[in-house]
Structure formats: C-alpha cells, structure tokens
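Okay, structure first, notes after.
The values are calculated or read from the model by the stated rules, or taken from the named source; none is laboratory data. Since the structure is predicted, the reported quantities are computational estimates derived from the model, not experimental observations. Don't worry about glycine lacking a Cβ; one is built from the backbone with ideal geometry, like all the others, and counts go over all protein chains shown.
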Amino acid sequence: MSEPVTTDTATTAKSGVDVARFASRSALVRRRFLRNKPAVISLLLLVVLFIACYALPPVLPYSYTDLDFYALQQPPNADHWFGTNALGQDLLAQTLRGMQKSMLIGVCVAFISTIIAATVGTIAGYFGGWRDRTLMWIVDLMLVVPSFLLITIVVQRTKGDIIWLIVLLAAFSWMISSRIVRGMTMSLREREFVAAARYMGVSNWRVIVRHIVPNVASIIIIDTALNVGLAILAETGLSFLGFGIQPPDVSLGTLIADGTKSVTTFPWVFLFPASILVLIILCANLVGDGLRDALDPGARPLRRRRK
Amino acid sequence: MTRFLAGRLLNYIVLLAVASFLTFSLASRQFEPLDSLLQRNPRPPQAVIEAKAAELGLDKPIPVRYGHWVAGVVHGDFGKTIGGQPVSDELWRRIGVSLRLLIIGSVVGTVIGVVVGAWGAIRQYHLSDRVITVLSLLVISTPVFVIANLLILAALRVNSVLGVQLFEYTGETSPDAIGGAWNQFVDRVQHLVLPTFTLALGAIAGYSRYQRNAMLDVLGQDFIRTARAKGLTRRRALFKHGLRTALIPMATLFAYSVAGLFTGAVFTEKIFGWHGVGEWFIQGVATQDTNIVTAITLFSGVTILLAGLLSDVIYAALDPRVRVR
C-alpha cells in the first residue's frame, strides 16, 4: 500500500529539515526504479525493439511479402539473417513485421483495459451499494468462462482487423485489475482526507479524480506494464490458432504457428519468432516488476537480512 | 460453513446460466453455419439450404433456440452438430481426454509450484532461490505454444541420444501399441508426459512466484518467532505455522488459474494432437457450430465453478476465521 499523496504531504517535514533537499515522491520512485538494473535494461531493450521494428524494414533488402525462390527453407546465412521459410520469405523481415503488430496491440490493449479497470474499480469501490453489486456481478459473470474462448467466438467475423482485435482483447482483460482497484478504493474511502474533502462539499466525481485516482495510480501503472505482457500473450495465442491477424499480414503468433508445423525439421522457422516473443514479454514483465518495487515498496519484502 | 458453500453454489449456478445464455446468443449471432454449404461449388439447390436452415432452427429467434437448447441440456442432450451427429456422445468422450490432462496437470503444477516457492522463500537470496526466481519468470513469459514446441525439440534430442522412443508427442496412444494391459499403460504414460508437463510448467512457475512472496511475508511475522522461542525446531515452525498460513492466498489463486489452464489446454491439445474439448472448440468455431461451442463453454464454466468451490473449501480448511461466520 502506497502512502497517500494529498497536495502537500510529500514535502511536509519537521522544522529544521531543509524542505528543498527533501526528496519528492517522484524523485524517490525514479531513483528506486533506476537502481533496479534488470528493469532498466529491459525498458531500454523494449524501446530499442520498438524503434527497430518500425525503422529497420525500409532499410532491409527484403520486405515481408517478398518471395526468394532461390532460397527456400534456408537456415540462417549472410543473405537472410534469420533464414527463410518454405515460401522463401525472409524471416527477419517477417519477424519485424510481426513485432510491429504484436507490440502495438500489446500496448494499446494494456492501456485501454487499465482505463476500464480503473473506472469500474473506483466507481464500485467509492460509491458501493447497487453500483458496486452490479459491477462486481458483471466481473464475476465475465470470469465464469475463460475469456479466451469468448474472444475466439467473436473475433471470427472481424477478419483480422487490428482495431477490433484491440477492442476485443481490452474488453475481456480488465476484470481482475478492477477488483484490485476496487479493494484499494474501499479502504481509501474511509481515510480522513477523503472524508474531509466530502464534508467540504467537494463533488463525488472530483473526489474520485483528485483524491482517489492519484492514490491508486501506483497499482494502475504497475498493472498497465504487466498487462502489456498478458495482452501480447493473448494476441499471439489468437493468431497462433488462426483467429487473430490474417494472412498475408503476419503477427508473431502466425509466424510461430508456421514454424510449429516444421519444428522438428526446420527449427529456425520456429525458434526466431518464438525467442523474440519471449524476449518482449520477459522485458515487459521485468519492467512491471521494477515499477512495482519502485512505486509500491511494501508489496514485496525487500529484506536483505541473511540467515 | 454449509450455508456459506450453498450460497456460493447458488450464485455460481445463476452466473453459469446467464453466461451460457450470453455465449449461446453471441455464437448464434456471430456464426454463419450455412457458409460451408453456400460456398460449395457447385452451389447446392436452394431447397437443400433451406432444409438445413430449418434443421438448425435458424428461422426461429435466438431466445426460442436457446429455450430449445436448455430443454435438451436438462435431459443431458446437447443438441446436434451441423453434420447431424449428437454432441453429447462426442462431448463426454472428449471431456474424459481433457480431464486427464487438466487434472494431472493442475495437481502436479500446484503441488510442485507450492513446494518450489516455499523452498525458495526459506532459502531467500541463496543461489537456488535466484535460479528458481529467474526460471519461473522466464516460464511465465513463455506462451504455452512455445513451451510445447521447445519440449518437443528437447524430447527429440533425448530420444535420439538414447536411441529409443522414450517420449511420444503425437496423440494419446500409438495405433500400433501391442501387447497386454501393461504395454498399453506404458504407451499411454509415454504420450501423457509431455502434454502434462507443458500444462504443469506454467502452473509451477505461477504458483512458485506467489507462494514465495506469501511465504516471505509470513516468515517475517512475530508468530514464527514465537513458535521458535517456544522451542519448536525450525523445520516444524516453518511447516506447521508458516506454510499453512502462506497457503491461504493460494486457494484464491487456484480458482483463477483454472481458467488459464483451460486456455492452455486448447493449445496443448492442438499441438500434441490430443482429441480433447479444446481441440473440438477450435473445430467448432471453424465450422461455425453453435452447439459444440456452447457445450464446451458450459463445460469450462462448470470446471471453473468446481475449482472455485474447491478453493472455498480449501480456504475454509486453512483459515479458521472463515468457518466461524
């Protein structure tokens, strides 16, 4: 649980302490995050990968649709760094194209689903009563069957349209986060600064925006980062089964599905996209963990005591 | 306690009924089951198409179709597939196949995950703990379909090194498995190992992470020190007082993880060529078959419901405060 941030508690200090030198909360968070080497490296790596997958394709000699009939099922070589598949398509170009889709979808889905989760969670937790019961009933309902199956049913008609894919994945992945936000909001509602604001006649919506949301912000930020990995997993899963991105366009999921067919004979067709996918999700998870440690130090024991 | 569970059960059944209605409507609205007929070349006569539409009840509104479906389900009849086969027979056969995978996978995953996590917490910051932490993060970041293929590649290597077909990775049995009951059994186990391990690996990684954190929280608390001061050995204090308390949050995690396990089974069955419900679901969506898809969604809902009830029971068994209510 993070400390509540009201307008000036962060810099309140006992007399005699130099207020200017007193580290602000954001500076503390930044310092704690930067101290976490794996998280910083992962964040840099993610940025590099994101830029590379958009910047590299125009420079490369092969586009993801080009067919090189002189190099079918070639293992990695000087001409095709990641090798080629059965049609003679350059796997490096294809993997980059797949990364574009998968990373874009992952980031968008994570943001949208977290916004839904924050809205639903704060409303249910702050107002309580019938709003709480209705919203939590909907959450229960959506958790009672695996959302992956429901997405599969609906996504069929959308013919691999990326916007629809984002909307559907976001619509089915906010439930558990919203429960966490609701729980935090319920305990914040009882705190003095919220009561004070209410007695001063501040409207409910203003209390939520000014006092509740900043205090659940840490959990929301952590959740967004961790949801990126989950969203990429879901998207590549759908594409792997043939329900996500449709050919001739590619996603890391469709590439891995291609590779699966010949995994025992031509493993590189599978190994390159798969390892890139694992790398992206691993980095996203490490960044999420780093943010958790930085924003919410109490959530994880940091005892350095050796037994 | 009984009233608590009965209340939960009732709530679950209502949720399940609503969920099945929504799934049925969703599938009925989205699916175009006549497409496979319409796209056939040459196109079948209009009379044939209309007969098929009437057979599938496409002329009636969706609530009426759902009512008809429910009336059948109450008697154990899940309707017919588009091809005209009864869904129920196939469903039960496939449920058997999938449950074998799901139950063994979840039990193995839960037990090993809890043990590994608790062990890591006790040995915090030792080399073994670090290795476990890194490996579990790596596994969590790896999709099921990648794990499955990597295991296949590894099994292939092991098989060729040993010179015998130790691990099998296609289907549930070999068609040429000969000999008595023992040989049949060994053959099935050989086929079972890789898919089960695929499913269990994700669960192990997830549980061990949460269990490690929960155990670390508990280890720092006063009652462990009290137990030690009282004269209990370290092992006894950790297991009787520490592990039991640290297991409580896992009960909730168990309910959530079954949905993930079910999704994982879809991929596992597809890659390893098991003819379970997950594989059938994908076929059902591909052939636009509402009855198959709704029946399997219902089954997955029932599985999650049972896991939820089970986690309530485990919760009550571990935490005496729940029982008093």
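Here is how the numbers come out for the structure above:
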item	result
Matching helices (runs of 4 or more DSSP H) fully within segment B:18-128 where at least 3 residues are within 14 Å of chain A (Cβ to nearest Cβ) and either surrounded by 15 or more Cβ atoms within 10 Å (Cβ to Cβ) or in contact (Cβ under 8 Å) with a residue 12 or more places away in the chain (or both)	B:87-122
Test for A:Ile276: is it assigned to a helix (DSSP H, G or I), at pLDDT 90 or above and facing chain B (nearest Cβ under 10 Å)	no
Test: residue in segment A:162-172 that is away from chain B (no Cβ under 13 Å) and either among the aromatic types (Phe, Trp, Tyr) or not in a helix (DSSP H, G or I) (or both)	no
Set B:Val146, B:Val158, B:Val134: member being within 24 Å of B:Ser257 (Cα to Cα) and more than 21 Å from the chain's Cα centre (by Cα)	B:Val134
Residue match in segment A:167-174 (condition: buried (at least 17 other Cβ atoms within 10 Å of the Cβ), more than 30 Å from B:Asp35 (Cα to Cα) and not aliphatic (A, V, I, L, M))	yes
Within segment B:289-311, tally of residues that are within 14 Å of another protein chain (Cβ to nearest Cβ) and surrounded by fewer than 20 Cβ atoms within 10 Å (Cβ to Cβ)	4
Selected residue [in contact with a Gly (Cβ under 7 Å, 6 or more places away or on another chain), crowded, with 19+ Cβ neighbours inside 10 Å and more than 19 Å from B:Leu102 (Cα to Cα)] from B:Ser141, B:Ser136	B:Ser141
Single condition A:Met99 does not satisfy, out of (1) in a helix (DSSP H, G or I); (2) in contact with a strand residue (DSSP E or B) (Cβ under 7 Å, 6 or more places away or on another chain); (3) not polar (S, T, N, Q)	(2)
Residue in segment B:204-213 that is within 14 Å of another protein chain (Cβ to nearest Cβ), of a type in the set (A, V, I, L, M), surrounded by 15 or more Cβ atoms within 10 Å (Cβ to Cβ) and touching a Ser or Thr at 6+ places or on another chain (Cβ under 8 Å) present	yes
Residue pairs meeting the criteria (Cβ under 8 Å; at least 6 apart or on separate chains; first farther than 11 Å from A:Leu282 by Cα and more than 7 Å from chain A (Cβ to nearest Cβ), in segment B:135-146; second aromatic (Phe, Trp, Tyr) and not in a loop (DSSP other than H, G, I, E, B))	B:Val144/B:Phe267
Filtered residues of segment A:143-159 (kept if touching a residue at least 40 places away in the same chain (Cβ under 8 Å), more than 7 Å from chain B (Cβ to nearest Cβ) and touching a helix residue (DSSP H, G or I) at 6+ places or on another chain (Cβ under 8 Å))	A:Ile151, A:Val155
Selected residue [among the small types (Gly, Ala, Ser), under 21 Å from B:Ile103 (Cα atoms), in a helix (DSSP H, G or I) and away from every other protein chain (no Cβ under 14 Å)] from B:Ala255, B:Ala251, B:Ala265	B:Ala251
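Conditions tested, residue by residue: (1) surrounded by fewer than 14 Cβ atoms within 10 Å (Cβ to Cβ); (2) more than 20 Å from B:Gly273 (Cβ to Cβ); (3) touching a strand residue (DSSP E or B) at 6+ places or on another chain (Cβ under 9 Å); (4) not small (Gly, Ala, Ser).
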position: B:Arg188; (1), (2), (3), (4): no, no, no, yes
position: B:His191; (1), (2), (3), (4): no, no, no, yes
position: B:Thr198; (1), (2), (3), (4): no, no, no, yes
position: B:Met215; (1), (2), (3), (4): no, yes, no, yes
position: B:Thr226; (1), (2), (3), (4): yes, yes, no, yes
position: B:Arg236; (1), (2), (3), (4): yes, yes, no, yes
